[in-house]
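The values are calculated or read from the model by the stated rules, or taken from the named source; none is laboratory data. Please read these numbers as outputs of a predicted model, since none were measured by experiment. Using ideal geometry, Cβ is built from the backbone for each residue, glycine included, and neighbour counts are taken over all protein chains shown. For accessibility, only protein heavy atoms count, side chains too; no ligands or nucleic acids. Shrake-Rupley method; radii C 1.70, N 1.55, O 1.52, S 1.80 Å.
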Amino acid sequence: MKMMTWMAGAALAAGMAGSANADLIAHWNFNGLSIATASAPGVGGVPTAINSDSGTATLSLSGWTGTVDDFAGSTINAVGTDPAEESLSLVSNAGNGSFIQISFSTAGYKDLAVSFATRGTSTGFSAGQWSYSNDGVAFTNFGASTATTSGTFALASVVAPNALNNDSTAFLRYTLSGATSTSGNNRIDNLQLNANLIPEPASLALLGVGLVMIASRRRQA
């Protein structure tokens, strides 16, 4: 009985810990960017797609109509000891209304959260809208704007809808607008996707047993 009680308690603790500590699904530190002059995607060293530095995910620049540079980054929201080197710098009012897009999987995970370090310029993008899709075709907006015209890096974050829970073909778009000059820009660095592991049915059953036993012991006390 003591062993069963211990196992139930362990399952309960594991379930509580899993809900409090999200796992890193993927991240980008952008330190591998090497762009001599702000250019359109596919030109002058600007990639059209950037694979994540951890996890399996891809950030596409194919939908971006402005230019891209690699201005100095930040250690805010960095993973481990990632240094503050380059950032994904989205430049020019020619990019107004265009987007970057992320493709990834949340299979086995729920409660997706997006976080990153960001800063801008006074003539940069003042609105940044996130949207999601389950098929890469139909996108739905969610969350508040995470763009900024502040010249100081700060953490930005947004929580995705439950529609992306346990989805093997998930997509996110970040659409920027409001820039008023060709040099206006918004930097993104240390972009993270985090989510909570969905417990296996056996773990949920053991957790249920633990809760019942705890309730029973309380009634007997």
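Convert each backbone phi in segment 52-63 into a coupling constant with the Karplus relation 6.51 cos²θ - 1.76 cosθ + 1.60 (shift: θ = phi - 60°), then list the ³J(HN,Hα) values in order as whole Hz, x for Gly and Pro.
Karplus-based 3J(HN,Hα) across segment 52-63 equals 5, 7, 9, x, 10, 7, 10, 9, 9, 9, 4, x Hz.
By average Cβ neighbour count within 10 Å, what is the ranking of 54-61, 156-163 from highest down?
Going by the mean number of other Cβ atoms within 10 Å, highest first, we get 54-61, 156-163.
Given a 1.4 Å probe and heavy atoms of the protein chains only, how would you sort R187, R119, largest accessible area at the top? Mind dumping the intermediate values first?
Working: R187 35, R119 55 Å².
Per-residue accessible area, sorted high to low, gives R119, R187.
Enter the per residue convex hull volume of segment 144-184, computed from alpha-carbon coordinates, in Å³ rounded to the nearest integer.
Working: hull volume 4.7 nm³, N = 41.
Given the Cα convex hull of segment 144-184, per-residue volume reads 115 Å³.
Per residue, how many Å² of accessible area does segment 56-165 show with a 1.4 Å probe? Working shown, then result.
On the way: 4420 Å² over 110 residues.
Roughly 40 Å² per residue, with all protein chains present.
Hey, what's the Kirkwood Rh for segment 88-210 if you take every pair of different alpha carbons, in angstrom? Present the calculation step by step, with values, prior to reporting the outcome.
Numbers: mean 1/r = 0.0643 Å⁻¹.
After inverting the pairwise mean of 1/r, the radius is 15.6 Å.
Between T56 and A36, how many nm apart are label points set 7 Å from Cα along the C-beta direction?
In this crude spin-label approximation the distance works out to 3.7 nm.
When the accessible area of segment 33-188 is split by element with a 1.4 Å probe, what percent falls to carbon and sulfur?
Values: 3180 of 6440 Å².
That fraction is 49 percent.
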